[in-house]
Amino acid sequence: MSYTIAEAADATGLNKKTLLRAIKSGKINGTKDERGEWLIEPDELHHVFPLVARRNVDGDTGPPYDEADVEALGAQIEALLRQAGARLRQQLDDVRRHRDAMAYSDEASSS
């Protein structure tokens, strides 16, 4: 999920103008969406500008992501892993069927 300029500024602790200059100078890549707003991929951004801890309402720094973000990401990862497992099981079944068909074909031709 891409950052907007405001989200990227919040994630890095930098000014939005600083990020726009970085895009225009080619230091980081950004793309404009259909509304003309800049979007930056998080890995692209944090390759150049590190993620900073966000401040909570008391002014203390806490983890950069809250518990709900972590749980949502965990659910996405779990779903992707389930899909990957299902695809691998299907591929394995296909390979086994192909192997069995080839073995049957070899037996039939040698008889």
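Checked against (1) part of a loop (DSSP other than H, G, I, E, B); (2) at pLDDT 95 or above, Arg96 passes all but condition (1).
When region 47-74 is examined, which residues are found to be touching a helix residue (DSSP H, G or I) at 6+ places or on another chain (Cβ under 9 Å) and either at pLDDT below 85 or in a loop (DSSP other than H, G, I, E, B) (or both)?
In the first step, residues of region 47-74 are kept if they are touching a helix residue (DSSP H, G or I) at 6+ places or on another chain (Cβ under 9 Å); the result is 48-52, 54, 63-65.
Scanning region 47-74 gives Phe49, Pro50, Leu51, Val52, Arg54, Pro63, Pro64, Tyr65.
Before we move on, is Gly85 surrounded by 10 or more Cβ atoms within 10 Å (Cβ to Cβ), modelled with pLDDT of 90 or more and of a type outside the set (Lys, Arg)? Spell out how you get there, then give the answer.
Numbers: surrounded by 10 or more Cβ atoms within 10 Å (Cβ to Cβ): yes; modelled with pLDDT of 90 or more: yes; of a type outside the set (Lys, Arg): yes.
Judged against the criteria, Gly85 is a match.
The values are calculated or read from the model by the stated rules, or taken from the named source; none is laboratory data. What you see is a predicted model; the values in this text were computed from it and never measured. Backbone-built Cβ (ideal geometry, glycine too); neighbour counts: all protein chains shown.
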